[in-house]
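Peer 1: One structure follows; several queries about it will come next.
Read-outs: derived from the displayed coordinates by stated rules, not from any lab. Quick caveat, the model's predicted, so the values are computed rather than measured. So basically every Cβ, Gly included, is an ideal-geometry build from the backbone, and we count neighbours across all protein chains shown.
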Amino acid sequence: MHGQSIIDIFRSGVCHNDKPNALMFKRNGLYESIPSKEFHNMVMQTAAGLTELGIRKGDRIGILSENRPEWTVADLGILANGAVNVPIYPSLPSGQIEYLAQHAGIRLIFVSTLAQLEKIRQIRKALPSLEKIVLLDEVPVTSPDVIKLCNLIDLGRVLLQRNPLLYEEISERVEPEDLASIIYTSGTTGIPKGVMLSHANIVSNVLFCAKIFDINSSDVVLTFLPLCHIFERMADYLMIYCGATIAYAENAEAVPQNMLEVRPTIVPSVPRLFEKMYLRLMDTIDSSPPMKRRLMRWAIGIGRKYSCQTLASKRVGWSLSLKHRIASWLVFSKLAAKLGGRLRFFISGGAPLDVELAEFFHGLGVLIFEGYGLTETSPVIAVNQPKQFKFGSVGKPIDGVEVAFSEDGEILTRSPSVMMGYYRMEEETKEAFKGDWFRTGDIGFLDEDGFLHVTDRKKDLIVTASGKNVAPQKIEGVLKKCAYLLNVVTIGDRRPYLSALVVPNQERLIEYAREKRLVFRNYAELLKKPEINQFLLGQIESHLSNFAHFEQVRKIALLEKDFTIDEGELTPSLKVRRRVVETKYRDLIEELYAPVYQPA
């Protein structure tokens with residue numbers, strides 16, 4: 001069943017779905033299309049061009065670029081050549097790029113812009129294996145070690161004219177068990193590890209997911225999550241295989257506008273997008289005239305009731321059904337139009353999705369299928385499905401994937417999608433497995449209906465001084481729904497109570513302060529006011545009212561700026577590096593526990 005390479009499923013997708021808009025991208029303010037045939041030719045010519053430059057099977061090739069059609073072309077050209085793709089997040093500084101490029105021993109790297117090229121220039125002397133740089137942007141460049149992608153494609157075109165069978169010869173040498181990609185983990189703890197995924201690992205995930213979701217050539221998928229991440233990358237392979245159109249968002253901030261422009265039917269996303277959409281909608285409601293505000297709140301209430309009853313498989317009465325139709329006509333249809341008007345569903349991964357958020361969107365007629373997986377599992381282990389979903393869970397394990405649990409509740413898995421190992425890290429590879437079961441590092445359970453629930457990261461669990469186990473992600477997920485909070489990191493390991501580092505929503509907090517006629521010269525001064533600390537703590541207490549006593553946040557420290565990738569506080573996939581944050585704000589944290597807490 002899985003005796004195919006990624007290039008096999010690419011060839012199948014573009015050949016069976018000849019369409020004028022295989023890829024869409026924005027240029028000069030308008031979306032343009034790349035037809036299937038042109039897409040296929042670009043990949044073939046890139047693969048041939050790499051061959052002309054001396055790249056051979058097994059060579060490691062980097063991609064340092066934002067999402068764009070050229071990323072996908074470069075990726076598939078690398079794989080068709082038989083080489084190994086080493087994707088690098090474009091947000092990383094040159095120092096971190098140096099480690100990854102050195103460790104992987106890359107021979108060639110694709111870079112998107114002159115700014116990314118400059119990063120490589122800064123570390124060039126530290127990369128003895130690097131022979132060539134391919135620039136994606138069509139801008140003037142004169143360095144002998146740099147070639148533009150358009151020129152690389154021209155090299156390939158000439159070579160294929162001389163030898164028309166070359167592409168078939170090199171791509172058919174690619175075996176399913178060959179290494180396809182080395183993807184370096186974000187590294188919330190420790191140094192990044194290079195996850196080795198074979199063609200067969202990724203293809204097995206693509207084929208299993210293709211059976212779950214009814215994706216076809218009429219679908220348009222908006223892609224904005226980093227292609228460096230296996231979630232978006234596998235999703236793109238899936239869309240190509242199923243014949244869907246891939247539309248590239250300009251960036252994460254432009255997603256709302258891009259949804260209006262391309263009118264997608266499917267959007268892979270992360271929970272942070274839904275949190276922002278929810279807060280924007282709440283802001284719109286709060287700032288609306290009284291009549292409209294009451295109407296929208298009534299509609300949302302009806303949506304919640306309708307959602308709860310349909311999810312519980314209860315019969316919906318005629319009265320609620322009528323009210324829901326009216327709410328859909330007056331309110332929900334207008335919200336759907338802001339999402340492009342054709343959206344079939346979202347697929348959510350990368351972090352836990354709050355169950356109330358999922359129910360809220362379901363009430364508005366927007367279904368979010370939450371899934372779960374890791375880079376090491378290519379990535380999907382479980383996912384909610386159109387005919388089988390349960391909010392609060394990450395769905396049922398997909399076909400071909402087995403799930404078990406260790407004594408402490410850690411989720412174990414084995415499947416054709418599980419990685420080959422960590423590149424040049426034999427000890428770490430051994431530690432990642434328990435027999436032939438991969439250790440996910442997550443805690444969870446299967447419920448009576450076979451749905452998987454992930455409760456927390458094993459290493460992120462907080463154990464208070466009284467021995468209580470606290471899952472910080474659950475608390476933080478609820479608090480992020482508060483309109484006054486932008487980000488929260490819960491503190492409390494081996495401490496007598498929980499506290500939190502809080503990044504307020506600056507705009508909303510300033511509005512509140514002005515309503516209360518508080519006097520302040522600047523935002524930093526505002527955050528130091530006891531009234532503001534007490535107000536935000538009250539908001540937190542309100543949102544955590546249903547949590548256990550030991551899960552309550554007792555004290556907070558307010559931060560002026562949000563966590564960033566550049567400061568090392570976030571991974572490129574926007575997960576908080578707790579150790580980095582706790583180290584950076586150690587003095588502030590100790591103040592939260594003085595004099596109650598005295599370090600040993």
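Peer 1: If the chain between E52 and D18 were fully stretched, how many nm would it gain, using 0.36 nm times the residue separation less the Cα-Cα distance? Write down the numbers at each step before the final one.
Peer 2: Numbers: separation 34, 0.36 × 34 = 12.24 nm, distance 2.85 nm.
Length gained between E52 and D18: 9.4 nm.
Peer 1: From the C-alpha gyration tensor of the chain, pull out the three semi-axes of the equivalent ellipsoid (sqrt of 5λ each), sorted largest to smallest, in whole Å. Write out the running numbers ahead of the final one.
Peer 2: Details: eigenvalues 335, 171, 126 Å².
Equivalent ellipsoid of the chain: 41, 29, 25 Å, largest first.
Peer 1: If each residue's Cβ is checked for other Cβ atoms within 10 Å, how do L486, L136, L155 rank with the fewest at the top? Intermediate results must be reported in sequence, preceding the final value.
Peer 2: Working: L486 22, L136 25, L155 18.
Least to most surrounded, the residues fall as L155, L486, L136.
Peer 1: Kindly rank 141-148, 58-65 from highest to lowest mean number of other beta carbons found within 10 Å of each residue.
Peer 2: Taking the mean over residues of other Cβ atoms within 10 Å, the ranking is 58-65, 141-148.
Peer 1: So, one more: Can you sort S417, S545, S198 so the residue with the fewest Cβ neighbours within 10 Å comes first?
Peer 2: Starting with the residue having the fewest Cβ neighbours, the order is S545, S198, S417.
Peer 1: Okay, moving on. Quick check for you: which residues of the stretch 477-521 have the amide N under 18 Å from the point 7 Å beyond the Cα of K459 toward its beta carbon?
Peer 2: From the stretch 477-521, the list is 490-494.
Peer 1: What nm value, rounded to one decimal, do you get for the distance between L544 and T142 when each label is placed 7 Å out toward the C-beta?
Peer 2: Each label point lies 7 Å from its Cα, and together they span 6.1 nm.
Peer 1: So which GluC sites (Glu not before Pro) in the stretch 65-159 pass both tests, a DSSP loop state and at most 13 other Cβ atoms within 10 Å of the Cβ? Numbers along the way, then the final one.
Peer 2: On the way: sites: E66, E70, E98, E118, E131, E138; in loops: E66, E131, E138.
Of the GluC sites (Glu not before Pro), the ones in loops of the stretch 65-159 whose Cβ has at most 13 other Cβ atoms within 10 Å are E138.
Peer 1: Return the distance in nm (one decimal) between the two label points of a simple spin-label model at E38 and E169, each offset 7 Å from Cα along Cα→Cβ.
Peer 2: Between E38 and E169, the simple spin-label model gives 3.0 nm.
Peer 1: Right, here's the next one. Using a simple spin-label model with points 7 Å from Cα along the Cα→Cβ vector, what separation in nm is obtained for Q552 and R439?
Peer 2: For Q552 paired with R439, the spin-label model returns 3.7 nm.
Peer 1: How large is the helix-only mean residue ellipticity at 222 nm for the chain, computed as the sum of -39500 (n - 2.57) over DSSP H runs with n ≥ 4, divided by its residue count, in deg cm²/dmol to the nearest 500?
Peer 2: Calculated at 222 nm, the ellipticity per residue is -12000 deg cm²/dmol.
Peer 1: Next question, about the same structure. Could you grab the relative contact order for the stretch 406-554? Cα pairs under 8 Å, six or more apart, rounded to a whole percent.
Peer 2: 16
Peer 1: Cross-link partners among lysines for K148, C-alpha distance below 28 Å, same-chain residues fewer than 8 apart left out?
Peer 2: Of all the lysines, those that pass the test against K148 - Cα under 28 Å, at least 8 places apart if same chain - are K19, K26, K37, K57, K119, K125, K132.
Peer 1: Given a cut-off of 28 Å, name the pairs among K430/K459; K458/K555; K474/K561; K387/K575 whose C-alpha atoms lie farther apart than that in the structure shown. Please report the intermediate quantities before stating the final value.
Peer 2: Details: K430/K459 18 Å; K458/K555 25 Å; K474/K561 23 Å; K387/K575 30 Å.
Violating the 28 Å limit, Cα to Cα: K387/K575.
Peer 1: For the stretch 86-164, take N as its residue count and report Rg(C-alpha) divided by 2.2 N^0.38 Å.
Peer 2: In units of the 2.2 N^0.38 Å rule of thumb, it is 1.17.
Peer 1: Now for a separate question. Arrange the peptides 40-47, 380-387 so that the one whose residues have, on average, the most other Cβ atoms within 10 Å appears first.
Peer 2: The most tightly packed comes first, giving 40-47, 380-387.
Peer 1: Next question. In which sequence would H16, H453 go, from the one with the fewest C-beta neighbours within 10 Å to the one with the most? Spell out each step's value before the answer.
Peer 2: On the way: H16 12, H453 18.
Fewest-to-most ranking of H16, H453: H16, H453.
Peer 1: Out of all DSSP beta bridges in the chain, what portion is antiparallel? Express it as a percent rounded to 5.
Peer 2: In the chain, DSSP labels about 55 percent of beta bridges as antiparallel.
Peer 1: Would you please give the FRET efficiency between S406 and R494, computed as 1/(1 + (r/R0)^6) with r the Cβ-Cβ distance and R0 = 22 Å, to the nearest 0.05?
Peer 2: 0.40
Peer 1: Let me ask another. For the stretch 461-593, what does the equivalent ellipsoid look like in terms of its semi-axes, each the square root of 5 times an eigenvalue of the Cα gyration tensor, given largest first in whole Å? Don't skip to the end; give the middle numbers.
Peer 2: Values: eigenvalues 113, 64, 39 Å².
Gyration-tensor ellipsoid for the stretch 461-593: 24, 18, 14 Å.
Peer 1: If you don't mind, there's one more thing I want to ask. What is the extension gain from D286 to E531, computed as 0.36 nm multiplied by their sequence separation minus the C-alpha to C-alpha distance, in nm to one decimal? Before the final figure, lay out each step's value.
Peer 2: Details: separation 245, 0.36 × 245 = 88.20 nm, distance 2.28 nm.
In short, 85.9 nm is gained.
Peer 1: Nearest 10 degrees, 0 to 90: what angle lies between the long axis of helix 69-81 and the longest principal axis of the chain (Cα atoms)?
Peer 2: With both axes taken from Cα atoms, the answer is about 50 degrees.
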